[in-house]
1. Using the Kyte-Doolittle scale, which helices in the chain average at least 1.6 and also have C-alpha atoms spread 27 Å or more along the helix axis, with helices defined as whole DSSP H runs?
2. If each residue of separation counts as 0.36 nm, what is the full-extension length gain between L16 and H71 once their alpha-carbon separation is subtracted?
3. Return, ordered by residue number, the residues of segment 50-65 whose backbone nitrogen is under 13 Å from a label point located 7 Å along Cα→Cβ of T44.
4. To the nearest 20 debye, what charge dipole does the chain have about its Cα centre, counting +1 at the Cβ of each Lys and Arg and -1 at the Cβ of each Asp and Glu?
5. Would you please report the Å³ per residue occupied by the convex hull of the alpha carbon atoms in segment 19-89?
6. Residue separation times 0.36 nm, minus the C-alpha to C-alpha distance between R95 and A51: what's the value?
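Derivation of every value follows stated rules applied to the coordinates shown; laboratory data play no part. Values in this document were obtained by computation on a predicted structure and should not be read as measured data. In this analysis, Cβ positions are derived from the backbone assuming ideal geometry, glycine residues included, and neighbour counts consider all displayed protein chains.
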Amino acid sequence: MNAALSLAATGALVALVLWLLGGVLLRVGGMLFLIGGLLLTATTGSPVMAAASILGGLAWLSGHWLFAVRHHYFRSPLARRIVLRALPATCDPTRGWGVPNISGGSRR
């Protein structure tokens, strides 16, 4: 019983850390991989570095998606455009969150 409780507590702690810091870590780490992979691909022509730059771009995009899930808006217009065009509408983390401040009927 103690092992199961310890495993559950560790899982909850890891999930909390990923929820709080995952977006930032994915965006920053993805950007570093993307830029480093592109620079090394341009200088060496290595296909491994090309794959690293693709994975870095995907990590950057998933970090923006996670941020949008948490905060209901995108930090980058580029990420918003890519997510809204590439993914189906059901995967949009910002849809349906906004409530307009315009009243239904005007009494003037």
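1. Membrane-span-like by this criterion, though nothing is claimed about a membrane: 2-44.
2. Extra length from L16 to H71 when fully extended: 18.2 nm.
3. In segment 50-65, the label zone of T44 (backbone N under 13 Å from the point 7 Å along Cα→Cβ) covers 50-53.
4. On the way: 9 positive and 1 negative charges, 125 e Å.
Dipole magnitude for the chain comes out near 600 debye.
5. Values: hull volume 6.2 nm³, N = 71.
So the per-residue Cα hull volume is 87 Å³.
6. Details: separation 44, 0.36 × 44 = 15.84 nm, distance 3.17 nm.
Gain on extension, R95 to A51, equals 12.7 nm.
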